[in-house]
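All remarks here apply to the structure that follows.
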Amino acid sequence: MNRFQVTRYYYGNDCTLGFLALGRSAEPALLYTIEDAWKENRPRESCIPDGLYLCRPRQYFAGGYLAIEVSGVPGRSTILIHRGNTAEDVTGCIVVGQRLGVLAGKLAVLNSAQAWVRLMGELGSRVFAIARTIPALDAIRIRVGFLTCEEEIQRFFGAVEVLAPQPAQSL
């Protein structure tokens, strides 16, 4: 079974942001994630708690699209990884994008369709586990060990530029 890790680096009042590092292909990818804000793991309102979860691609019939189901989250069901841009596009789910940005004044992940194609290209129809962990800190924690090329470093600096103007109480 493959294991991928989402590293969350921003817990705001409006959303939670993270990175999903993919590295099975010849060109490693760093995708951005956006979820709902932490709201005590309330179904359809909160990001999921840190932990190790089983994930598998499946057809999401209510939405009529292919998604990745995240299972094993205590007290929750129908948690998906799918395309989208802002926390308004999720109901307790996770969306992926290639860049971090702002849409209509809200933090967002951009180029989600391309990120989705890349994610599915890495995963195919395999079942995999996703580890979500970051200790509670009074500052942003950023893991930089995966910045392996100039493009990734520039994307990281772009993310910092977007986060820098955010109010201190949400960081």
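The values are calculated or read from the model by the stated rules, or taken from the named source; none is laboratory data. Just so we're clear, the structure is a prediction, and the values are computed from it rather than from any experiment. Here the Cβ is made from the backbone with ideal geometry for all residues, glycine too, and neighbour counts use every protein chain on show. Accessible surface areas use protein heavy atoms only, side chains included; no ligands, DNA or RNA. Shrake-Rupley method; radii C 1.70, N 1.55, O 1.52, S 1.80 Å.
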Inset, instruction - Determine one quarter of the surface area of the Cα convex hull of region 1-102, which equals its mean projected area, and express it in nm² to one decimal. - result: 6.7
Legend entry - Proximal charge balance of D89 [Cβ under 11 Å; K/R count +1, D/E count -1]: -1
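So, for region 1-108, what is the accessible surface per residue at a probe of 1.4 Å, expressed in square angstrom?
Details: 4990 Å² over 108 residues.
It amounts to 46 Å² per residue over region 1-108.
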